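The values are calculated or read from the model by the stated rules, or taken from the named source; none is laboratory data. What you are looking at is a predicted structure, and each value in this text was computed from that prediction instead of being measured. Quick reminder, even Gly has a Cβ in these numbers, built from the backbone with ideal geometry, and neighbours come from all protein chains shown.
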Amino acid sequence: MSSSTPGGPWVVGLDVGGSGSRLLARRLPAAAGSGAGTDDVALSGRPVAIGPTGSDAADVVRDLLDALRAAVPALAADGAAAAAVGATGLASLVRDPAELHAALRTGLPPAAGPAVDGDPSVRPGPRTAVAADALTAHLGALGGRPGAVVAVGTGAIALGTDLRTVWHRVDGWGHLLGDLGSGSWIGAQGLRAAVAAHDGRDSGGSPALLAAAVARFGPVPSWPGQLYTRPDRAQVLASFTPDVAAAARADDTVARQVLAGAGTHLATTLAAALVDDVPPLAAATGGVLGIGPLLTDAFRARLAVLRPDVALVDPAGTPLDGALHLAARLATEPGSVVEHAPWLTLGDHAAPPTAVPPTAAPPTALPPGAPGTAPHPTTAEETP
């Protein structure tokens, strides 16, 4: 990390999902007009876990912020101006977005600002935003422009929006009800093909996938116990996706069909998000797309049939870039960011935070070149 721009406050973006969590912090210029800040810190952490009470996303956020404070001693003096988190399952599995706002405010020292209740020793906490991961993926992929984005990792969700009044979600219902074409879906289809081969069915089975699954999970009779009892079974299913991709590259017919089916599902999801009043601009983002043409060719072909008018563009940035972009807007132009629950909620900036606890938690650092370029700024009326 460099320190060529000393003294400016920090903005922090977090992406908290089923495949893992990431944080990107950037120091702003010490004074307006003095140029862009140059310090970027990137950390990674564990995925969220889903239990009987829902998602533990707030715990993941606290862990990442503990690691950030340990990695950046200057943060205590510089303070944080704003923080934004994109969280998976925000509308359905996060008990209360206020828990995430509290985790952000108590986990980050405040930047210099006006005194609270006349007490010069108490500064207001950072501005905070809690967004659905579909929104931060959208902001990252389209750089703040309206349109539709499908985000594909362990799960799959699409958001079509004009960033004003139209907000249309498609899928994101989890591995039991949906997430069609996602990592968990691909892994589940691969395991079904493995079981079919194990049982000797006359169709749908793949000996190659059976061999790969036994190598990864052990004997077939042990699989139900490994899956049905696990709160992280979506991640366990998704862990088999690389094996499905490897079998497909080795020309296994069933594995190739699974990947083509995933691409078709994702195209259908994205097309469904392009409702009236959403411009025909779209992007796809997420690690599953890294499988390559065995999936993406089917995706592009199906989208061209369903919506030949749509301009499909490469993503401008990642969901983490989208979260950092949102935090930067909160810090520099707070009036341009408008709450739109459940997609986006804003914290109470005026209230003082509680004390930030000390930490010695070790960070998990990403390479120095980890994502650091914020997407193109949106206009005030484009920002949700």
(message) If a residue must be under 14 Å from the mean Cα position of the chain (by Cα), outside any helix (DSSP H, G or I) and at pLDDT 85 or above, how many such residues does region 58-98 contain?
(response) 4
(request) Filter region 158-176 down to the residues that are part of a loop (DSSP other than H, G, I, E, B) and either over 18 Å from the mean Cα position of the chain (by Cα) or of a type in the set (A, V, I, L, M, F, W, C) (or both), then identify the one that is surrounded by the most Cβ atoms within 10 Å (Cβ to Cβ). (result) Leu163
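Each row is one residue, and each column tells you yes or no for (1) in contact with an Asp or Glu (Cβ under 8 Å, 6 or more places away or on another chain); (2) polar (S, T, N, Q); (3) surrounded by fewer than 16 Cβ atoms within 10 Å (Cβ to Cβ); (4) not in a helix (DSSP H, G or I).
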| position | (1), (2), (3), (4) |
| --- | --- |
| Asp202 | no, no, yes, yes |
| Leu209 | yes, no, no, no |
| Gln226 | no, yes, yes, no |
| Gln235 | no, yes, no, no |
| Asp251 | no, no, yes, yes |
| Val258 | no, no, no, no |
| His265 | no, no, no, no |
| Leu270 | no, no, no, no |
| Ala283 | yes, no, no, yes |
(request) Report yes if Leu270 is under 21 Å from the mean Cα position of the chain (by Cα), modelled with pLDDT of 95 or more and of a type in the set (A, V, I, L, M), otherwise no. (result) yes
(request) Determine whether region 177-188 contains at least one residue that is without any contact (Cβ under 8 Å) to a residue 40 or more places away in the chain and surrounded by fewer than 24 Cβ atoms within 10 Å (Cβ to Cβ). (result) yes
(request) May I ask you to list pairs of residues, at least six apart or on different chains, whose Cβ atoms are under 6 Å apart, with the first in region 248-267 being outside the structural domain of Ser182 (by TED's automatic domain parsing) and under 16 Å from Arg192 (Cα atoms) and the second being of a type in the set (Phe, Trp, Tyr) and not in a helix (DSSP H, G or I)? (result) none
(request) Please work out which one of (1) farther than 12 Å from Val149 by Cα; (2) assigned to a helix (DSSP H, G or I); (3) of a type outside the set (Asp, Glu) is the condition Pro308 fails and give its number. (result) (2)
(request) Please give the number of the condition Asp56 fails out of (1) in contact (Cβ under 8 Å) with a residue 24 or more places away in the chain; (2) closer than 23 Å to Ile157 by Cα; (3) buried (at least 19 other Cβ atoms within 10 Å of the Cβ). (result) (1)
(message) Please verify whether Arg329 is buried (at least 17 other Cβ atoms within 10 Å of the Cβ) and more than 19 Å from the chain's Cα centre (by Cα), treating the condition exactly as stated.
(response) no
(request) Go through the residues of region 334-343 one by one and say whether even a single one is touching a residue at least 60 places away in the same chain (Cβ under 8 Å) and over 24 Å from the mean Cα position of the chain (by Cα). (result) no
(message) If I ask for residues that are modelled with pLDDT of 80 or more and more than 14 Å from His325 (Cβ to Cβ), which ones from region 1-16 would you list?
(response) Gly8, Pro9, Trp10, Val16
